[in-house]
1. Per DSSP helix of 4 or more residues, -39500 (n - 2.57); summed, then divided by the residues of the chain. What does that give at 222 nm, rounded to the nearest 500?
2. Rounded, prolate or oblate: which one fits the chain, using the alpha carbon gyration tensor with axes a ≥ b ≥ c (rounded when a/c is under 1.5, else prolate when a/b beats b/c, else oblate)?
3. Quick one: if you stick a label point 7 Å off each Cα along the C-beta vector at residue 222 and residue 194, how many nm between them?
4. Determine, for each peptide in 36-43, 301-308, 16-23, 150-157, the mean count of other beta carbons within 10 angstrom over its residues, then list the peptides with the highest first.
5. Which shape class, rounded, prolate or oblate, goes with the stretch 163-317 when its Cα gyration tensor gives a ≥ b ≥ c as root eigenvalues, a/c under 1.5 marks rounded, and past that a/b bigger than b/c marks prolate?
6. Put a dot 7 Å past each Cα toward the Cβ at residue 162 and residue 317; how far apart are the dots in nm?
7. Place the peptides 274-285, 136-147 in order of packing, highest mean first, counting for every residue the other Cβ atoms within 10 Å and averaging per peptide.
8. How many angstrom lie between the C-alpha centres of the stretch 196-269 and the stretch 14-78?
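FYI, it's all coordinate maths here, none of it is from the lab. Because the structure is a prediction, the values reported are computed rather than measured. With ideal geometry, Cβ positions are generated from the backbone for all residues, glycine too; neighbour counts draw on all protein chains shown.
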């Protein structure tokens, strides 16, 4: 499986990244371990998590995903097979949030302890912190890179202007620079990334790893109505997609999927993987056999007719 750079010459990812938000949320320890093993055995190598996963779930406080991964690392002994990314900055309770130097230096220690590892391959600023000078944040990352606790850094949930400003500060102050971006981007949610962020990523040669690549499952085609999603863990995430445009996209996905004899999820991911600036989308699965659709996406070459049909269906109303 051909690897792609995550902004560092020694950090090469397979064309898809596993979204670890499901660990400790919709998957328990046993199910999570089974999925991680299956993911690596299928030829993939990168897992994305964050300190805040899955604080939004009832009874969870954050750190659940990292804790599950840490248990798997200890049990499996396969840490060196995984490109591991995590994040800092989202609200963790008791005033724990943001990108101040003091907080980053403490938060990374908490993450490493939960993950039972001594380094992260990529550490993301999970969201912009307008109350902390960009220079201060980057100085924190400089220390972590010098200490060997972080190999490279990246950003998520930044505007194009703030991302460009952060890159300028890195250059002017000779500080580490963000080498990747994790944006909200998929076949339905296109406009914000393509208009605001894609030019910055292209001009600065940033790796791009979109999250919600399958629109919380909507683009797999398993939810055709609000009734289909009712009672499911992701019901609140997919509600906005049940509009005329969402239905057009599902119809186009169905047509293209039938033509190529693959699942709609494979088509959705293939479209995204072949966007000009995208390096590796993030996708999750809950059962090992679901990986067949993800593997098929990596082998699917959509022709111009298919791409045009998907582009037209997904254009904003």
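1. -12000 deg cm²/dmol
2. prolate
3. 2.7
4. Top of the packing list down: 16-23, 150-157, 36-43, 301-308.
5. Taking the square roots of the gyration eigenvalues as a ≥ b ≥ c, the stretch 163-317 is prolate.
6. Taking the simple label geometry, residue 317 and residue 162 are separated by 3.0 nm.
7. 274-285, 136-147
8. Here the answer is 22 Å between Cα centres.
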